[in-house]
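No lab work stands behind these numbers, since they all come straight from the coordinates. This one's a predicted model, so the numbers in the text were calculated from it and none came from an experiment. Glycine gets a Cβ as well: all are built from the backbone with ideal geometry, and neighbour counts include every protein chain shown.
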Amino acid sequence: MSTTNYIGKPTSRVDGPAKVTGAAKYAAEFNVPNLAYGYVVSSAVTKGKITKIYTDEILAIAGVLQVFSHENVPSLAWLDRSYKDDVAPGGSPFRPLHSAEVKFNMQPVAVVVAETFEVARYAASLLRIDYDVVEHATDLEAKRDDGYKPGGGKTGWMPPPAPRGNPNDALQNAAHRVEGEFIHQAQHHNPMEMFATTVEWLGDKKLKVYDKTQGAFNSQQYVTKIFGLSKDNVQVISKYTGGGFGSGLRPQYQLFLAVLASLELKRSVRVSLTRQQMFSFGHRPHTLQYLALGANEDGSLAAVHHHALAETSQFEDFTENVVNWSGMLYQCDNVKLTYELAKLDVFTPLDMRAPGAATGSFALEIAMDELAYKAGLDPLEFRLRNYAARDQNADKPFSSKKLRECYHEGAAKFGWAKRTPEPRSMRDGSQLVGWGVGGGVWDASQQKAAASASLNVDGKLTVKSGSNEIGTGTYTIMTQIAAETMGLPLEAVTFELGDTALPEAPLQGGSWTAASVGSGVKAACDALGEKLLKLAQKMEDSPLKGVTYKDVQFVNGQIRLYSDPTQAVVIRDILPANGQEKLEADGSASPDMARQSQYSLHAHNAVFVEVKVDEDLGTVHVTRVVNAVAAGRILNPKTARSQVLGSVVWGISMAMMEESVMDHGFGRYMNHNYAEYHVPVCADIHDIDVVFVEEEDDIVNPLGVKGIGEVGLLGVAAAIANAVYHATGKRIRNLPISIGKLL
Amino acid sequence: MTKQTTQAPLGSPAIALPPTSVVTLKINGEERQLHIAPWTTLLDALREYLDLTGTKKGCDHGQCGACTVLVDGRRINSCLTLAVMQEGADITTIEGLGTEQNLHPLQQAFIDHDAFQCGYCTPGQICSAAALLTEGKAKTTAEIRELMSGNVCRCGAYTNIVAAIEEVLTTQKVQRHE
Amino acid sequence: MNSFTYTRATAVDAAVREKSAASSVRFVAGGTNLLDLMKENIERPTRLVDINHLPLKTIDGTPDGGLRLGALATNADTAWHAEVQRRYPLLSQAILAGASPQLRNMATNGGNLLQRTRCYYFYDLTTPCNKREPGSGCSAIGGYNRVCGVLGTSESCIATHPSDMCVALAALDATVQVTGKNGERTVRFADFHRLPEDQPQFDNTLAPDEIVTAIDLPNEDFSQHFSYLKLRDRTSYAFALVSVAAALQLDGTTIRDARLALGGVAHKPWRDAAAEDLLKGQPATEETFRKAATAVVQQAKGYGHNTFKIELAKRAIVRALKQAAEGTQTATDVFLNSNP
């Protein structure tokens, strides 16, 4: 793919018209006939036992069909493993309506199903429940001494590497030292679309399930295992997902409840959660981090100590890679990284955009800034001096790493050279101005993915893979890859996803979709191309006779000889000439482990931020951000830029606004709505520049892509905190940097 | 230590439900009749009773703007009004602004500027922007930002949303002067 | 949401009659707060009387040269009204600092006065709240009270009134016209809302049978020196942590008359006559402003998470007075927050 018509070109979303006209349908929007509505009743208490549920009065309300609770759920799968989804951490997954036990506040304890949404909502409000309540513990800060090393179990989790060098002595003897505690509270994904499932009952335990998820196959296997159904009878469809950010990686409980109600009532059922109930499941865990860094006189890092304590539930060990990054982002020979969990009476946390890394990089990148000041170095210069040319955690070379270019190109675009280092030294009228830098590193990974490609006699190509579209642009980039591979115009290509009837694709997450599904799509198209070439060679006077697939290129609707592009066959002519209506091929791609395992595969970024601070009033505006990203090949600069813009907004949000506030007396998140759980609005967002640093990498995967959904968030919150320090001389290590903290 | 507590019903169950009646709504120029009780919001009427699912439910409490529609040309949150209250009003939803074959200039600009990602807040953003254009209060970038702040976009597409609106605003200005 | 019946009222007296029929009857106008509360099951009316078709939408001059804002004029129509912008730009600024364009298009002036607190515990039925359920206790005291009040609080309640508009109306000495079974009466704005004391379930002094018909703005000129300063967790579409309405009349550099009202800090828009007296007759300097600010927060009491509001209020008062004295503010200056 050295010359390209589509890959790497800014391309408008192919699903754009559907989205801007409201034609794109999300899980709660399939208005199938004879639909009943379920409304979830959430526990008012945090821990204890339900002693009685008073359903009689509820069932007497006209239009109420049933109240499901632990009292009347039929016998379902017994073993924990039946409830484990693709990314379940170690432990025993939560089973909705399984027993009288209440394990966390807002636990779903019943679902009221009625003829209309309004009746279900009304009836749910009248349900009386008695509990025996026992004391709960929800405060991580009270569990500082109760941390434990988690066992394994969660996909993608790497325990911190063993200490290297002599971290204690090195820190002790360092010329410059910083240490401190860094805190962020729980944060909830809050995608715009609330979780919902519409189950269409097709008779005889056959279901069509429209689910809000980041993985249709994950939902399918969850449902089939728990309810003992065959995969042939459960089709899960998820054509559009109104934001995921990780929240849809695990099946949420409304899926269970909707399927349960549908099977029991033998009719179609929809269960939607409320915005309040969006605070009743997984979240970025409240995490306490301790960092101690030491530097030598020459500004080289002498020691890195990074410890994290994160919350998890009583029933699962949710783990994420928080501290590991601190052993690989910079060159350092003396490193100690530790990670612990503490069990609380909360729901199990859940991957949320750049899980672990967003948390770890916020702390590390502030600490690095502090140490730069201690060492008397510009924070950017300090990072460059400690540039890691090799991944010391894994002791492997990087397959590619253009972080240095990110620093340079980002700094140039931002105008970093004009920064005066002294805190409080820059002003704009009455406002203090601060400039800060940060950055990070994120895994480039690839999963196995399958796809199919089908060329119709009219020249239209349909490519399918059961991946998801959560806003990342999957429809568009897969269309580009297919069009490029087959040499067809974009308009001739349709890509289908989000359906378990399609070839299997992995969960949409981890920034691996472009690499994984993209490779699968390319494989399917290549397989189709080979078949097409064979048919072309059968044509009368074919100029392609005797050549192999390697000898030809698919471009401008033709198959051409590389050696002589005038020797060509028009693709549209091939099927008619062979009397065929359709030509199909399957393909799948897996990572080349033998090759990849010799390298460390990562994307990097560097973020430059300007803040303006009204010191009197404690207000901060993030007025300018430049985010330079090196993430391999950028398939579609237009949608990729949007991903990074969104990441910056997320970083601003994390730094300045987001926290799920729990009242530990009740064990309940109290700002559980969109008015009080603040995320940025339009007026909060000013100039954001995205720089994609060119990075070629044929090791990471044949497409050379590293994924772009997460890396852009890294270091943003830290860069903001660092800019606030530069503006005010105040170091905030406890997010969010809300108004009261700067007075 | 155990103590007993009750999640109390939020009122005494009234077994008699509110009567449904015929409500006539004028939506996208068309009169639509539906049989609903007073407790059906305009948003639920659109989504659940009329299959106009382009209008989105993002919070159901007026805190996100995803449900924005135009009532008599003015943008409102359809989740916070009852359908029955809008009898006699002229309601325009995203479906009435344009179609895939015949896009509204804002819809085209949103595509051109990649002013959305997941697409869930998008119909609300576009309805809101359409009203913003007719209101005529937003002239500067800062004013667009402020007057588009009633529409939350969790994907963070604000930069491109503002660019898309600015483009249409400028084009309209040019057209007005021609 | 519970079940209810619905009627449309076409005349004020008929509306009052319907409302008086039972305590569970509610008027619905914009619906922006009532429907929200009904979905939360905090309000459970059995009957809704839609008053949107009452003839109370106009904004007209009053005989004494003031301006009458119809109770059913929307917040948006009021904020953008030419006369309001020209003569009472402080009010425009305050309204435009609140909610969102969509909500301002729905919310009415009367409804704005009657909106209920945003205290987390009031909004969450699983927690005790004296305002919602008298006698059940106040969860905010000792709980997460960052959004709660620091002035005029009681042992029963530390909730705040969330309105921006009302802060300006308080500063401008507006009056509220109400009609009930026993006829019409005029309520001074300062007497309309109340402090929680031991009856936090009552936000205001409106009788159950009464309806707000209009808000009158007096014939006074604070159009040259004013500022509505709102501090919140994001630039827009968020309730005030602290807001200040400041309005001055100046003779040269001497303050002839001064108005100062605070939002986000108390159960009602907070006026402090003593602090205003400290401004009157004094030079419009930072020192004067500081004295007034210090006086306002003298009796303030923090509850932990919200203690920062005391210092913030002090600084915000000084800033707002400074901005007012400079006289450079316009009716729509709130938009400048979006471009620092």
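Tabulated data
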item	result
Inter-chain shielding of B:135-147 (mean C-beta neighbours from other protein chains, 10 Å cut-off)	6
Mean separation of Cα contacts under 8 Å, 6 or more apart, over the residue count of chain A: relative contact order %	16 percent
Rg/Rg_globular for the stretch C:225-338, with Rg_globular taken as 2.2 N^0.38 Å and Rg from C-alpha atoms	1.02
For chain A, calculated [θ]222 nm from helices alone, where every DSSP H run of n ≥ 4 adds -39500 (n - 2.57)	-7000 deg cm²/dmol
Student exercise, chain C dipole from Lys, Arg, Asp, Glu Cβ charges, in Debye to nearest 20	640 debye
Order by protection proxy (mean Cβ within 10 Å, highest first), peptides A:248-260, A:545-557, A:608-620	A:248-260, A:608-620, A:545-557
Lys/Arg +1, Asp/Glu -1 at C-beta; the stretch A:213-336 dipole; positive extreme among A:ALA261, A:THR241, A:ALA302	A:ALA261
Inter-chain Cβ neighbour average for residues C:73-86, partner chain, 10 Å	1
Over 29 Å between alpha carbons, listed pairs A:LYS448/B:LYS57; A:LYS266/A:LYS343; A:LYS448/A:LYS550	A:LYS448/B:LYS57; A:LYS266/A:LYS343
Under the Karplus curve 6.51 cos²θ - 1.76 cosθ + 1.60, θ = phi - 60°, whole-Hz ³J(HN,Hα) for the stretch A:246-259, x wherever Gly or Pro sits	x, 5, x, 6, 10, x, 8, 5, 5, 5, 4, 5, 5, 5
Cross-link pairs A:LYS52/A:LYS143; C:LYS39/C:LYS301; A:LYS154/A:LYS225 - those with Cα-Cα distance over 26 Å	A:LYS52/A:LYS143; C:LYS39/C:LYS301
Residue among A:PRO108, A:SER82, A:HIS408 farthest towards the positive dipole end of chain A, charges placed on Cβ	A:SER82
Net charge dipole size for the protein assembly as shown [Lys, Arg +1 and Asp, Glu -1 on Cβ; Debye, nearest 20]	540 debye
Alpha carbon centroid spacing (whole Å) that separates the stretch A:389-419 from the stretch C:68-86	56 Å
Test item: Cα-centred dipole of chain A, Lys/Arg +1 and Asp/Glu -1 on Cβ, debye	640 debye
Net charge over other residues, Cβ less than 15 angstrom from the Cβ of B:LEU132 (K, R count +1; D, E count -1)	+2
Inter-centroid distance (Cα atoms) of the stretch A:19-68 relative to the stretch C:122-142, Å	27 Å
Packing-based ranking, highest mean first, of B:54-60, A:661-667 given that Cβ atoms within 10 Å are counted	B:54-60, A:661-667
Over chain B: helical MRE at 222 nm, DSSP H runs n ≥ 4 each giving -39500 (n - 2.57), nearest 500	-9000 deg cm²/dmol
Calculated from backbone phi, Karplus (6.51, -1.76, 1.60) coupling profile of the stretch A:24-36 in Hz, x at Gly/Pro	5, 9, 9, 3, 8, 10, 9, 8, 6, x, 6, 8, 9
Globularity ratio of the stretch A:448-590, using Cα Rg and 2.2 N^0.38 Å	1.05
Length-normalised contact order for the stretch C:225-338 - Cα pairs under 8 Å, 6+ apart - percent	29 percent
Alpha-carbon radius of gyration plus Dmax, which is the widest Cα pair, for the protein assembly as shown in Å	30.8, 103
Rounded Å value of the spacing that divides the Cα centres of the stretch A:660-698 and the stretch A:559-575	51 Å
5 angstrom amide H check on C:HIS225, placed H, neighbours 5+ away	C:LEU248
Two-decimal Rg to Rh for chain A - Kirkwood Rh, Cα set	0.99
Highest-first arrangement of A:322-334, C:86-98, C:19-31, where packing means the average Cβ count within 10 Å	C:86-98, A:322-334, C:19-31
Using θ = phi - 60° and Karplus 6.51 cos²θ - 1.76 cosθ + 1.60, couplings along the stretch C:321-337 (whole Hz; Gly, Pro as x)	5, 4, 4, 4, 4, 4, x, 9, 6, 10, 4, 10, 5, 4, 5, 5, 4
Candidates B:THR81, B:THR122, B:THR20: whichever shows maximal mean-square fluctuation once chain B is modelled as a Gaussian network with Cα springs under 10 Å	B:THR20
Residue mean of other protein chain beta carbons inside 10 Å, C:24-36	4
Members of A:LYS212/A:LYS531; A:LYS239/A:LYS582; A:LYS47/C:LYS309 lying beyond 27 Å, as alpha-carbon distances in this model show	A:LYS212/A:LYS531; A:LYS47/C:LYS309
